[in-house]
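Colleague: Just dropping this structure here.
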Amino acid sequence: MSNSNDGDAMEVDATPPPEAEAQPKPTEETLEEDEEEEKVSDLVELLESTEDDTLSAEAQIPILSSILTEPEKRYGPKATSVKERPIYALARSYCASERHDDVVDLLTG
């Protein structure tokens, strides 16, 4: 009888290990995405400034309006996403300030 260890060698992969994954070089597209993110950071800061509990609804209205009517007129995916929140917040602020006609104007354009 033959010993089970005779001739049964374990296979070893002789392929060298892959080198550490290199970070992909930034392409023009990824640089544009980074720039776009930087461009909406000011809108995010304005929006977050209205979340202060001590700020009255009346005081929030001009800040929220400025996000929606910002002079650069950004409407990319990130800017649009950021601008959705002020619409709802502005409607709530108008209601809290009993400016119901302004809610209708906001929602109908």
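Colleague: Write down the Kirkwood hydrodynamic radius of segment 70-109, to one decimal in angstroms, obtained as one divided by the mean of 1/r over all alpha carbon pairs.
Modeller: When all Cα pairs of segment 70-109 are included, the Kirkwood radius is 11.0 Å.
Colleague: Return one quarter of the surface area of the convex hull spanned by the alpha-carbon atoms of segment 28-108, equal to its mean projected area, in nm².
Modeller: Result: a mean projected hull area of 5.5 nm².
Colleague: Positive end of the dipole of segment 28-108, charges at C-beta (+1 Lys, Arg; -1 Asp, Glu), about the Cα centre: which of Thr50, Gln60, Cys95 has its Cα farthest in that direction?
Modeller: The residue sitting most towards the positive pole is Cys95.
Colleague: Taking amide H atoms as placed 1.01 Å from N in the peptide plane, list the residues 5 or more away in sequence, or in a different chain, whose amide H sits under 5 Å from that of Gly76.
Modeller: Those qualifying (amide H under 5 Å, at least 5 residues apart or on another chain) number zero.
Every number here is computed from the coordinates shown, using simple stated rules; none is lab data. Quick caveat: nothing in here was measured; it's all calculated off a predicted structure. All Cβ positions, glycine included, derive from the backbone under ideal geometry; neighbour counts span all protein chains shown.
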